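Below is one structure, written out as structure tokens; comments come after it.
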Amino acid sequence: QVHLVESGGGLVQPGGSLRLSCAASGSIFTIHYMRWYRQAPGKEREFVAQQITGGDTVYADSVQGRFTISRDAAKNTAYLQMNSLKPEDTAVYYCYANLRTTINSSPDVYWGQGTQVTVSS
């Protein structure tokens, strides 16, 4: 079994910063890439950022230049540093991992339970 657990959400004023963490645990052979998604009330879940293991990062246009995704491979943990937060960033943020549990298994995807981020004065 694999589990992804997000943390770091909360209430922040516009212009403030938060750092989200996503810790992957369980039977993990290798993680190919990790992503962050978010879902605001009444809206569909949307892509936020991706980091491929040892590779490039990709961001949604709406967060480019404000958010930074990073990984600590040794800890199987991804981070999302969010700066210059806006009220429209308010959402539940979800972690996503594409990984293999054994050397012979096919890649599979896992989701975390989500962490609430609220940007409000």
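The values are calculated or read from the model by the stated rules, or taken from the named source; none is laboratory data. On a predicted model such as this, the values are computed, not experimentally measured, just so you know. Ligands, DNA and RNA are excluded from the accessible area calculation, which covers all protein heavy atoms including side chains. Shrake-Rupley method; radii C 1.70, N 1.55, O 1.52, S 1.80 Å.
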Report task. Calculate the all-directions average of the projected area of the stretch 54-121's alpha-carbon convex hull, and give it in nm². Result -> 5.9
Query - For the chain, accessible area per residue (1.4 Å probe, heavy atoms of protein chains only), Å² - result: 52
Report summary line: Here P(r) for the chain, Cα-Cα distances in 5 Å bins, as whole percents, is 2, 12, 23, 24, 18, 11, 6, 3, 1, 0, 0
**Report entry** Taking the chain and dividing mean pair separation by its residue count, relative contact order in percent (alpha carbons under 8 Å, at least six apart)
**Finding:** 36
**Report entry** Residue-by-residue Karplus 3J(HN,Hα) for the stretch 49-57, coefficients 6.51, -1.76, 1.60, Hz, glycine and proline x
**Finding:** 7, 9, 10, 7, 4, x, x, 7, 10
